[in-house]
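Engineer: Sharing a structure here in structure tokens format.
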Amino acid sequence: MNRWMRPTLLQVYSFFTSMPLIDFVLNYIMYDERIFKDAKVWLISFPLIFVIGVASWSGHVVIGNAIKKRYPQLEQTRIRIIILALLLVPFMSLSVTFIFLLYDQLGMLGYTLTEADLKAGLLVGFCVNLIFETLFEADYVLGKYKESIEEKNRMRDLAVQQEFDTLKSQVNPHFLFNCFNTLSSLISEDRQKAESFLNELSKVYRYLLRNNEDGLSTVENEVKFIQSYYKLLRTRHGEAVQLNMEIDKRYESYLLPSLTLQLLVENVVKHNSLSKNYPVVIDIFTTAGNKLVVNNNLRHRVVKIQGTKVGLDNISAKYKLLNKQGFQVMADERNFTVVLPLIWNGSTEDKAGHANKTKTL
């Protein structure tokens with residue numbers, strides 16, 4: 001049996017605590033006071049309904065867990081509940097109707113089906129399903145929320161463990177040296193432009209140093225940072241580097257590992273030949289399925305730089321630690337593409353905290 005098809009402990013306990021009561025109520029609807037006088041009801045009808053209940057419960061578990069597997073995210077709670085209702089209510093109704101029709105056709109202990117009995121049985125089934133499916137969904141949502149908290153804790157642990165390594169890979173001394181050379185030349189040529197360049201440089205490195213301690217950052221915050229970073233690149237390389245961004249606002253509060261975009265953009269500049277006539281174009285955009293894509297056209301250098309893949313390995317390691325699947329690196333003759341899965345941020349406090357950081361950037 002697939003893992004997702006297995007019932008949870010809560011589902012098992014709920015069934016064995018509620019089924020005896022459901023069994024009793026359905027028998028009472030069909031046999032009324034007779035259940036207190038006729039031992040055959042207890043010896044025949046009670047076990048039969050219990051067996052049918054096991055089969056019906058198993059179907060509920062498979063349907064419910066399949067829907068949770070298909071729509072697992074917290075932000076998908078609404079659609080998950082709607083689909084659960086559309087599938088489980090008819091399934092429950094069929095199960096109850098089957099019991100009454102079976103008893104009627106077999107004349108089980110002299111039972112004859114009435115409309116009132118069927119309505120009462122359906123009402124019992126609906127109420128029981130409403131109570132327990134609400135309980136199961138609440139338990140699932142709580143579990144997912146705890147997982148999101150654990151992901152953030154694991155991310156903090158990763159930041160501590162890799163503090164020195166990430167500093168080496170993220171704060172590139174060569175890049176800083178080139179920036180100071182650019183600044184030096186601008187001071188004598190264009191003081192106003194030099195002042196603007198220095199302002200953007202301070203923003204970039206303040207963000208780099210601060211976010212080296214943080215595991216996750218919002219998409220909005222990362223985009224604001226990369227805009228400042230791009231201004232530095234434009235000053236150094238002119239129109240040889242172009243950046244296009246198309247970020248859906250609904251993804252701005254989502255999270256991704258800090259400095260991911262900086263590492264990817266830096267890799268693009270490092271490994272491509274930069275020319276005004278044949279610019280390197282970097283496209284950063286969001287797509288359906290909670291993904292952020294970084295794509296660039298390839299302008300191969302005459303003398304290739306041997307890559308260490310430190311940046312990509314760093315990003316991949318963080319996603320693995322977060323147990324978040326979907327990180328992809330794709331390349332062909334013309335383009336290099338990295339797909340970043342975004343992490344849903346359900347905490348209002350976190351959003352507020354990231355918003356405060358954004359204001360200080």
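The values are calculated or read from the model by the stated rules, or taken from the named source; none is laboratory data. Keep in mind that this is a model prediction, so the values were computed, not measured. Positions of Cβ are backbone-derived with ideal geometry, glycine not excepted, and every protein chain shown enters the neighbour counts. Heads up: the accessible areas ignore ligands, DNA and RNA and are worked out on the full protein's heavy atoms, side chains in. Shrake-Rupley method; radii C 1.70, N 1.55, O 1.52, S 1.80 Å.
Engineer: Can you tell which of S45, S93, S14, S58 is among the polar types (S, T, N, Q), open to solvent by less than 60 Å² (accessible area, probe 1.4 Å) and out of contact with any helix residue (DSSP H, G or I) (no Cβ under 8 Å at 6 or more places or on another chain)?
Structural biologist: Sole residue among the options that is among the polar types (S, T, N, Q), open to solvent by less than 60 Å² (accessible area, probe 1.4 Å) and out of contact with any helix residue (DSSP H, G or I) (no Cβ under 8 Å at 6 or more places or on another chain): S58.
Engineer: For region 68-86, how many residues meet the condition of being farther than 19 Å from I149 by Cβ and of a type outside the set (D, E, K, R)?
Structural biologist: Count: 8.
Engineer: Also: Would you pick out the residues in region 111-142 that are of a type in the set (S, T, N, Q) and either touching a Phe, Trp or Tyr at 6+ places or on another chain (Cβ under 7 Å) or assigned to a helix (DSSP H, G or I) (or both)?
Structural biologist: N129, T134 - these are the residues of region 111-142 that are of a type in the set (S, T, N, Q) and either touching a Phe, Trp or Tyr at 6+ places or on another chain (Cβ under 7 Å) or assigned to a helix (DSSP H, G or I) (or both).
Engineer: If you take the residues in region 280-308 that are at pLDDT 90 or above and not in a strand (DSSP E or B), which one is most open to solvent (accessible area, probe 1.4 Å)?
Structural biologist: A288
Engineer: Pairs under 8 Å by beta carbon, first residue under 15 Å from F132 (Cα atoms) in region 59-82, partner among the polar types (S, T, N, Q) and assigned to a helix (DSSP H, G or I), six or more apart or different chains?
Structural biologist: Once the first residue is under 15 Å from F132 (Cα atoms) and sits in region 59-82, its partners that are among the polar types (S, T, N, Q) and assigned to a helix (DSSP H, G or I) give G59/S95; H60/N129; V61/Q11.
Engineer: Could you grab the pairs with beta carbons closer than 7 Å, sequence gap of 6+ or different chains, first residue in region 217-246 and under 26 Å from E189 (Cα atoms) and open to solvent by 40 Å² or more (accessible area, probe 1.4 Å), second one of a type in the set (D, E, K, R) and assigned to a helix (DSSP H, G or I)?
Structural biologist: K231/E200
Engineer: Another one. Just give me the residues in region 332-361 being open to solvent by 80 Å² or more (accessible area, probe 1.4 Å), modelled with pLDDT of 90 or more and not basic (K, R), in sequence order.
Structural biologist: Passing the criteria: only D332.
Engineer: Residues being open to solvent by less than 50 Å² (accessible area, probe 1.4 Å), in a helix (DSSP H, G or I) and modelled with pLDDT under 75: count how many of those fall in region 186-215.
Structural biologist: The qualifying residues number 3.
Engineer: Return only the number of the condition from (1) open to solvent by 40 Å² or more (accessible area, probe 1.4 Å); (2) touching a residue at least 24 places away in the same chain (Cβ under 8 Å); (3) not in a strand (DSSP E or B) that N277 does not satisfy.
Structural biologist: (2)
Engineer: Determine if region 261-274 includes at least one residue that is in a loop (DSSP other than H, G, I, E, B) and either open to solvent by less than 40 Å² (accessible area, probe 1.4 Å) or within 15 Å of V329 (Cβ to Cβ) (or both).
Structural biologist: no
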